Amino acid sequence: MNDRRGLLIILSSPSGTGKSTLAKRLLDWDDDIRFSVSATTRPPRPGEVDGKDYYFMSHEDFKRQVADGEMLEHAHVFGNYYGSPKAPVQEAINRGRDVLFDVDWQGEVQIRNSDLAPHALSIFLLPPSIAELRRRLVARAQDSAQTIDGRMDKSWSEISHWGYYDFVLVNDDLDKTEENLRSIITATRLRRTQRPGLLPHVRALQAEFEDLS
């Protein structure tokens, strides 16, 4: 039996808050943390591998899995479906491996309403200010001014749902935020629901007491 059950770690934030950088740091920090592989109905792009980059499936298969409760969360984006298959996550949890999810608040709510919710840990990242959020988006030099404006318009909608999450961190310092994320994950791994060996241990203690009587 594993010493612990794995965690389903949900990391959400508006674009530009540092989520991708922190997610990569968490993956580098602990080999027991794996990034969730999503399913999609869009065609594979050159170089993408089924089961590694995405689970590629037809619209019919995707909708069947949703109907059968085999998707933890899903969304329809620009004509295609995206979602998180439940079976690989359940297997990881049983093996004591943590699965990291990069989803928005709607995905978080869907996971919270699933039967894997007892193993979920949700963390929302806030920027230190809206001005700093825009500065970071501009400094990335990845998007046009129009795209940045669109991300900024969407950011408040995302921030307004911060209350759904277990933990909320203000990412004003990457190193400090990473340290806090590690502390949160380490502590949550010790949660009673994540430690299947506790009940047999308590029963063994009880048997010892009975032998003494």
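Applying the set (1) small (Gly, Ala, Ser); (2) under 29 Å from residue 130 (Cα atoms); (3) exposed (fewer than 13 other Cβ atoms within 10 Å of the Cβ) to residue 67 leaves exactly one unmet item: (2).
Looking only at region 27-47, decide whether some residue is within 19 Å of residue 8 (Cα to Cα), in contact (Cβ under 8 Å) with a residue 40 or more places away in the chain and assigned to a helix (DSSP H, G or I). Within region 27-47, one or more residues are within 19 Å of residue 8 (Cα to Cα), in contact (Cβ under 8 Å) with a residue 40 or more places away in the chain and assigned to a helix (DSSP H, G or I).
One line per residue, one yes/no per condition, for (1) free of Cβ contacts under 8 Å to residues at least 12 places away in the same chain; (2) farther than 23 Å from residue 73 by Cβ; (3) of a type in the set (Gly, Ala, Ser):
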position: 100; (1), (2), (3): no, no, no
position: 103; (1), (2), (3): no, no, no
position: 118; (1), (2), (3): no, no, no
position: 128; (1), (2), (3): no, yes, no
position: 211; (1), (2), (3): yes, yes, no
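For residue 73, the conditions (1) of a type in the set (Asp, Glu); (2) under 30 Å from residue 3 (Cα atoms); (3) assigned to a helix (DSSP H, G or I) all hold with the exception of (3). Looking across region 139-152, just one residue is among the β-branched types (Val, Ile, Thr) and either surrounded by fewer than 13 Cβ atoms within 10 Å (Cβ to Cβ) or in contact (Cβ under 8 Å) with a residue 40 or more places away in the chain (or both), and that is 147. Residues in region 9-21 that are buried (at least 21 other Cβ atoms within 10 Å of the Cβ) and either assigned to a helix (DSSP H, G or I) or in contact with a Ser or Thr (Cβ under 6 Å, 6 or more places away or on another chain) (or both): 10, 14.
Throughout, read-outs are computed from the coordinates displayed, never taken from laboratory work. All values derive from a computational prediction rather than experimental measurement. Heads up, the Cβs are rebuilt from the backbone with ideal geometry, glycines too, and the neighbour counts pull from every protein chain shown.
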